[in-house]
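Nothing in this text is a laboratory measurement; each read-out follows from the coordinates by a stated rule. Predicted model only: the values in this text are computed from it and were never measured. Positions of Cβ are backbone-derived with ideal geometry, glycine not excepted, and every protein chain shown enters the neighbour counts.
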Ligand SMILES: [Zn+2]
């Protein structure tokens with residue numbers, strides 16, 4: 001990993017903003033499901049965690065899978081094609097989402 005330039009840092013920070021939004025979304029969905037009896041294993045439509053804050057894409061994955069990915073702070077989940085080669089590389093491809101690893105440190 002190399003140190004991020006100011007523009008790379010901004011891109012990574014955008015992804016971190018989307019990740020924290022997704023964390024709150026996951027928790028909220030978990031609460032609602034607890035109240036309504038919907039299975040916790042149903043996929044949640046998380047926001048795409050790409051570096052474009054205007055992106056309104058959604059990726060469907062279970063909360064368990066989401067937590068598993070984010071146990072590593074360098075990993076983010078995006079729609080295929082939304083990765084930005086200047087800050088990350090695709091490390092895993094699933095049905096409708098890809099997992100990327102940051103190649104810069106912020
Ligand atoms: Zn996106």
Fewest first, what order do 76, 47 take by the number of other Cβ atoms within 10 Å? 47, 76
How much of the DSSP bridge set in the chain is antiparallel, in percent, rounded to the nearest 5? 85 percent
At 222 nm, what helix-only mean residue ellipticity would the chain give, in deg cm²/dmol to the nearest 500, using -39500 (n - 2.57) for each DSSP H run of four or more? -12500 deg cm²/dmol
What is the extension gain from residue 5 to residue 31, computed as 0.36 nm multiplied by their sequence separation minus the C-alpha to C-alpha distance, in nm to one decimal? 5.5 nm
Could you work out the relative contact order of the chain? I mean the mean sequence separation of Cα pairs under 8 Å and 6+ apart, divided by the number of residues, in percent. 28 percent
Cα→Cβ-extended label distance, 7 Å offset, between residue 94 and residue 60, nm: 1.2 nm
How many angstrom separate the Cα center of region 57-106 from the Cα center of region 9-48? 14 Å
